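Just below is one structure, and these are the notes that go with it.
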Amino acid sequence: MEKEKLEKEYEQYVKEKTPVHNVYMNMLKAFITGGAICVIGQFILNYCKGKGIAEDISASWTSLSLVFLSVLLTGLNVYYKIAKWGGAGALVPITGFANSVASPAIEYKKEGQVFGIGCKIFTIAGPVILYGIMTSWTLGVIYYFLIKAGVTL
């Protein structure tokens, strides 16, 4: 009897402390945030192409500019607020990846160049890089054997 009462009290406590999320509002915020990042990227791309820069070079400048802006906003503690509001809309594009590299570097700077920045810079981005490379390699091997077997995709 006492155990049941404690379990009910615990369930009530958890229910009170667990934040309630509106999925549709979160999706709208992510859409707006991701869309705004893409609009900024498209503006940079169009600007570069309008200046006569080749399309592949313009695309490189666009990526570089978005990464720079992300790292700058991370350093100014603004990107955190954007990501908190926009959720996955700010974390999925290239800007989110740049933020995931810059944040630990800024946070652990006080521990020094080697043990702070050097050791901690890829704590968030490292698994993404690792599993991205491993997945690409695995799919490449599978593709290679499918081509050797005469299967065309």
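Derivation of every value follows stated rules applied to the coordinates shown; laboratory data play no part. Fair warning: this is a prediction, and the values are worked out from it, not measured in the lab. Neighbour counts run over all protein chains shown; Cβ positions are idealised from the backbone, glycine included.
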Spacing of the two label points (7 Å from each Cα toward its C-beta) at Tyr131 and Trp85, in nm: 2.9
Compute the Cα gyration tensor for the chain, then decide on rounded, prolate or oblate, letting a ≥ b ≥ c be the square roots of its eigenvalues: rounded whenever a/c is under 1.5, prolate when a/b is larger than b/c in the other cases, and oblate in all that remain. prolate
In segment 59-127, which chymotrypsin sites (Phe, Trp or Tyr not before Pro) fall in coil by DSSP and have 16 or fewer other Cβ atoms within 10 Å? Phe122
Cut-off 12 Å between beta-carbons: net charge of the residues surrounding Gly116, Lys and Arg +1, Asp and Glu -1: +1
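Just in segment 1-76: which trypsin sites (Lys or Arg not before Pro) are loop by DSSP and have at most 11 other Cβ atoms within 10 Å? Let's see the in-between values first.
Details: sites: Lys3, Lys5, Lys8, Lys15, Lys17, Lys29, Lys49, Lys51; in loops: Lys51.
Loop-located and lightly packed - Lys51.
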Report the calculated FRET efficiency for Phe145 and Ala54 (r = Cβ-Cβ distance, R0 = 30 Å), to the nearest 0.05. 0.25
For the chain, what are the DSSP H helices with axial Cα length of 15 Å or more and mean Kyte-Doolittle hydropathy of at least -1.0? 23-50, 55-75, 94-107, 125-148
Final fewest-first order of Ile129, Ile44 on the 10 Å Cβ neighbour count is Ile129, Ile44
At R0 = 25 Å, how high is the FRET efficiency between Thr123 and Asn26 if r is their beta carbon distance? Nearest 0.05 is fine. 0.45
